[in-house]
Amino acid sequence: MPNARMHRARGRMLPGFLALSLVALQLHAEPGASAAPAGAQRGVAHPALWPRTHSVGLVDARTEARVSALLARMSLEEKVGQLIQADIGHIVPDDLRRYPIGSILAGGSTPPLGADDRAPTQAWIDTARAFRAVSVETRAGHVPVPVMFGIDAVHGNNNIVGATLFPHNIALGAMHDPALLRRIGAATAVEVAASGIDWAFGPTLAVPQDTRWGRAYEGYSEDPALVRAYAGEMVQGLQGDVSRGGLLQHGHVAASAKHFLGDGGTRDGVDQGDADVDEATLIDTHAQGYLGAIPAGVLTVMASYSSWQGHKMHGNRSLLTDVLKGRLGFDGFVIGDWNGHGQVPGCTPSDCAATINAGLDMVMAPDHWKELYLATLAEVRGGVIPLARIDDAARRILRVKFKLGLFDPARPYEGRLDLIGAPAHRAIARRAVRESLVLLKNNGGVLPLRANAHVLVAGAAADDIGRQCGGWTLSWQGTGNKNSDFPGGESIYAGLRDALAAGGGSAEFSADGQFTQRPDAAVVVFGEIPYAEMVGDLRNLEYEPGQKDDLALLVRLHAQGIPVVAVFLSGRPLWVNPELNASDAFVAAWYPGTEGGGVADVLVGDAAGRPRHDFTGRLSFAWPGKALPAAQGGGTPLFARGFGLDYRSTATLGKLPEESGVAGQAWNVERYFFRGHTPAPWHWSMPPDGSLVVHAVDAGGVQEAARAFEWRGAAPAELAISAEPTDLGRQTNGDLALQIDYRVDVPPVGPVQLAMQCAPSCEGSALDAGEVLRASPPGEWRTLKVKLSCFRDAGADMSHVIAPFSMRSTGRFAVSIVGVQLSTDPAGAVCLPRAAGQ
């Protein structure tokens, strides 16, 4: 059985830059630094234990004089306004005439004004200009200060149709190429600036220690030395030379190092969870990226949703102020995450003096910005928030705006549509794809493929650019995309097809693996469905637990004597022993982005089978030998961090054990009924007295994919999907909705209540669904999406949900249900009225 020791072979040495960074890490340690004092208060940092560093290029006499002069002219209302950031889905330009807020953002699924999230680049430019124009207009009682527009550009300008999308960070970590990373940052900055946006929320400097975390792919590595070595390169790629100012005028944008601090160290990899680690681990593992980003001049740092030792980062003064702004010398401003302040004890999304007093300078209040602005203003006037704290936060924000070049009306890159998806940027992305591929198995030298071969390209992800791009792609979770949404992009199949055709060979695409001509080899592209935070969290690392459709395809082709090359798309290393056994060659391709041709560059050789490009990628995370992380009993990794074969390697991987080490399937807290199944531990519950009956029905051409329910009695009867208590607080904060795919068979004659059941009780929080259901044409499949926040606002305790779906009715009513799940797509989500008598 393979283990970490037997996989130490040629090419496994750490790159020189990483070895140097390890030395640098040691040099930054303070003499005498040690663990926190005995009996120290949990969640309170000790700055003397931390290394010293400082921002470079942010503070200079000229800029500070301009900031001071501007502050002297501004009213309290205008200063407070600088601290507030709103999402463009909840604000219009005219609002700025009454509420002088300092920043806007477009969340992962928020479209530009008057458009959808597949709108052309010009719609984004028009949106930016509309807000900017109002913020700087001359009018009585107003000091013109440009609004700052931010966006999650985490692997390219990923909200923009036609943009170059680079491999996700986990792939960039595998390439171990800091110089190329800087070029990626610079190309991203140009495409962000061209779309009229000022600020990219990246890089992510998390050091994920448990890849069950749904944001693991946003981290470069589990190794803090690599993250530190990369941090400054990406910051300088995005921002350029901060000391000269005028970033936007030089095709650069503001960066945001995130998420400070410990987001990659939460217990069990739970998103927004608690990093219950000692202070030395917080410093030596999770803070290292900031020791690279701050001296590189990063303009903003984003606070983490997570907690450290039980204390929410959005309210942790010892870390935000005493460590980050004090010991680490950060001179930019600290931005919150999406309603993250609302999770601080004693706070709500619309009122949180504690987060500003703790050191947050700008509060991301996407939908409660107006209420938060008014509450903050009142708290400053009432002395709850010191005026000096407002002045400090406003000074930091204005400093960044001056350095960024926001006060200069010249924006030579804005509107340059030729820069969106530019050939030079796509060439950089394609190179990154080549360098990030990691070869885990190549028994018998199946790879490289001969250019004159006939190759079957199979798998549902082979000709799907959206699948290969992953999360944070045109929408928050990266779902709902089609190839036409990526003009200029290339699927993995298209890249293979073109490479083989150029060499005299051919490719046949068949998602299910059926073929008309027996192939010389089969390339099967499969892997994780795109996801982002929360939705991507796993309970174990087994790929495709339960019904293994992708494995069945590999096994079927292998059984026919066809050499099988597996190209695995994922946001993390997963337990894939059965899939490795069913493949002759196995390539970890991560989420490579829009330039799928980079995969073919490495997989397809010349007509004689000589490689055109070799595998140079090396794992930046260990690959699991069991379906649990090592710390949870997963044992020795199958492949150690730093492993990766190349075309000179002769190692053969033997048959691997196929026992995952976990029992049952992973618990999915977002999907409750799908394809005729309620995944464990969810189950239907209904009264046993016959007042409510159920039978299976077909839907969408799938046999027994739905359940038909019929209320027969005069007394109220309730239908529910339930399990043990589940915390849906994160999902509520993230604006998810309960989605029900249904068909009314007999319209209800009485009231119908839609509710969630809580422990101990959600009494009084039911919503009225009767009107919606009576308006649904009988026999027609429909979708209802109800915002989780509506249940919360009606009184449901979203932290202790035992039934995320409950329907109660009285009198005759029949409805068929084909799906019940949480949706991350805000389109069409509604709030229903409170049920009568609640």
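The values are calculated or read from the model by the stated rules, or taken from the named source; none is laboratory data. As the structure is a computational prediction, the values presented were derived from the model and not from experiment. Every residue, glycine among them, receives a Cβ derived from its backbone with ideal geometry; neighbour counts consider all protein chains shown. These area figures cover heavy atoms from the full protein model, side chains too; ligands, DNA and RNA do not enter into them. Shrake-Rupley method; radii C 1.70, N 1.55, O 1.52, S 1.80 Å.
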Item to complete: Only residues in region 341-363 that are over 14 Å from Y305 (Cα atoms) and open to solvent by 10 Å² or more (accessible area, probe 1.4 Å) count as the first member; pair them with residues that are of a type in the set (K, R) and at pLDDT below 95, Cβ under 9 angstrom, at least 6 apart or cross-chain, and list the lot.
Response: none
Practice prompt. Only residues in region 690-719 that are free of Cβ contacts under 8 Å to residues at least 60 places away in the same chain and under 20 Å from G676 (Cα atoms) count as the first member; pair them with residues that are part of a strand (DSSP E or B) and open to solvent by 60 Å² or more (accessible area, probe 1.4 Å), Cβ under 6 angstrom, at least 6 apart or cross-chain, and list the lot.
Written response: A696/E704
Discussion item. Only one of D60, D116, D94 is of a type in the set (D, E, K, R) and under 27 Å from the mean Cα position of the chain (by Cα). Can you tell me which?
Written reply: D116
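Just the residues that are closer than 22 Å to I802 by Cα and either open to solvent by 70 Å² or more (accessible area, probe 1.4 Å) or among the aliphatic types (A, V, I, L, M) (or both), please, taken from region 708-717.
Across region 708-717, the qualifying residues are P716, A717.
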Worksheet item: When A737 is evaluated against the numbered criteria (1) touching a Ser or Thr at 6+ places or on another chain (Cβ under 9 Å); (2) surrounded by fewer than 21 Cβ atoms within 10 Å (Cβ to Cβ); (3) of a type outside the set (S, T, N, Q), which criterion, by number, is the only one it fails?
Response: (2)
Discussion item. Exactly one of these conditions fails for T732: (1) exposed (fewer than 13 other Cβ atoms within 10 Å of the Cβ); (2) in contact with a Ser or Thr (Cβ under 9 Å, 6 or more places away or on another chain); (3) β-branched (V, I, T). Give me its number.
Written reply: (1)
Practice prompt. Out of the residues in region 744-769 that are in contact with a Ser or Thr (Cβ under 6 Å, 6 or more places away or on another chain) and open to solvent by less than 50 Å² (accessible area, probe 1.4 Å), state the one that is nearest to A714 (Cα to Cα).
Written response: G750
Item to complete: Collect the residues in region 324-340 that are over 22 Å from I151 (Cα atoms), in contact with a strand residue (DSSP E or B) (Cβ under 9 Å, 6 or more places away or on another chain) and open to solvent by 20 Å² or more (accessible area, probe 1.4 Å), keeping them in residue-number order.
Response: K325
Worksheet item: Can you pull out the residues in region 57-89 that are open to solvent by 70 Å² or more (accessible area, probe 1.4 Å) and not in a helix (DSSP H, G or I)?
Response: V59
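Could we say that W369 is aromatic (F, W, Y), touching a Leu at 6+ places or on another chain (Cβ under 9 Å) and buried (at least 20 other Cβ atoms within 10 Å of the Cβ) here?
Details: aromatic (F, W, Y): yes; touching a Leu at 6+ places or on another chain (Cβ under 9 Å): no; buried (at least 20 other Cβ atoms within 10 Å of the Cβ): yes.
Spelling it out, it is not the case that W369 is aromatic (F, W, Y), touching a Leu at 6+ places or on another chain (Cβ under 9 Å) and buried (at least 20 other Cβ atoms within 10 Å of the Cβ).
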Fill in: Members of region 214-225 that are open to solvent by less than 10 Å² (accessible area, probe 1.4 Å), of a type outside the set (D, E) and touching a helix residue (DSSP H, G or I) at 6+ places or on another chain (Cβ under 6 Å)
Y217, G219, Y220, S221, A225
Worksheet item: Is at least one residue of region 742-751 at pLDDT 95 or above and within 15 Å of A720 (Cα to Cα)?
Response: yes
Discussion item. Among the residues in region 418-425, are any open to solvent by less than 20 Å² (accessible area, probe 1.4 Å) and β-branched (V, I, T)?
Written reply: no
Practice prompt. Only residues that are open to solvent by 20 Å² or more (accessible area, probe 1.4 Å) and under 19 Å from D95 (Cα atoms): list them for region 117-133, please.
Written response: D126, R129, A130, R132, A133
Worksheet item: In region 546-555, which residues are surrounded by fewer than 18 Cβ atoms within 10 Å (Cβ to Cβ) and touching a residue at least 24 places away in the same chain (Cβ under 8 Å)?
Response: G546, K548, V555
Discussion item. Condition (residue is in contact (Cβ under 8 Å) with a residue 24 or more places away in the chain, among the polar types (S, T, N, Q), over 13 Å from L440 (Cβ atoms) and in contact with a helix residue (DSSP H, G or I) (Cβ under 7 Å, 6 or more places away or on another chain)) applied to region 629-639: is it met by at least one residue?
Written reply: no
Response to the item:
Subset of region 493-545, residues surrounded by fewer than 22 Cβ atoms within 10 Å (Cβ to Cβ), touching a helix residue (DSSP H, G or I) at 6+ places or on another chain (Cβ under 8 Å), not acidic (D, E) and not in a loop (DSSP other than H, G, I, E, B), comes to A494, S506, F509
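Please find, among G57, G43, the residue that is touching a strand residue (DSSP E or B) at 6+ places or on another chain (Cβ under 6 Å) and touching a residue at least 40 places away in the same chain (Cβ under 8 Å). Quick ask: steps written out before the conclusion?
Values: G57 fails: touching a strand residue (DSSP E or B) at 6+ places or on another chain (Cβ under 6 Å).
The conditions single out G43.
Of the residues A705, A699, A720, only one is small (G, A, S) and either open to solvent by 40 Å² or more (accessible area, probe 1.4 Å) or modelled with pLDDT of 90 or more (or both); which? Show your work before the answer.
Values: A705 fails: either open to solvent by 40 Å² or more (accessible area, probe 1.4 Å) or modelled with pLDDT of 90 or more (or both); A699 fails: either open to solvent by 40 Å² or more (accessible area, probe 1.4 Å) or modelled with pLDDT of 90 or more (or both).
Of A705, A699, A720, the one residue that is small (G, A, S) and either open to solvent by 40 Å² or more (accessible area, probe 1.4 Å) or modelled with pLDDT of 90 or more (or both) is A720.
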Worksheet item: Are there any pairs, at least 6 apart or on different chains, whose C-beta atoms fall under 7 Å, with the first in region 413-429 and on the phi > 0 side of the Ramachandran plot and the second at pLDDT 95 or above and β-branched (V, I, T), and if so, which?
Response: G415/I125; G421/T164
Fill in: F166 vs. criteria without any contact (Cβ under 8 Å) to a residue 60 or more places away in the chain and open to solvent by less than 10 Å² (accessible area, probe 1.4 Å)
no
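A588 - would you say it is under 23 Å from E659 (Cβ atoms) and at pLDDT 95 or above?
Working: under 23 Å from E659 (Cβ atoms): yes; at pLDDT 95 or above: yes.
So A588 passes the test.
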Worksheet item: Which ones in region 450-484 are open to solvent by 10 Å² or more (accessible area, probe 1.4 Å), more than 18 Å from V433 (Cα to Cα) and not polar (S, T, N, Q)?
Response: R450, H454, A460, W476, G480, K482
Discussion item. Go through (1) open to solvent by less than 40 Å² (accessible area, probe 1.4 Å); (2) modelled with pLDDT of 95 or more; (3) under 30 Å from P295 (Cα atoms) for P93 and report which single condition fails.
Written reply: (3)
Item to complete: Being over 18 Å from A507 (Cα atoms) and small (G, A, S) is the filter here, so list the residues in region 586-618 that pass it.
Response: A588, A589, G593, G617
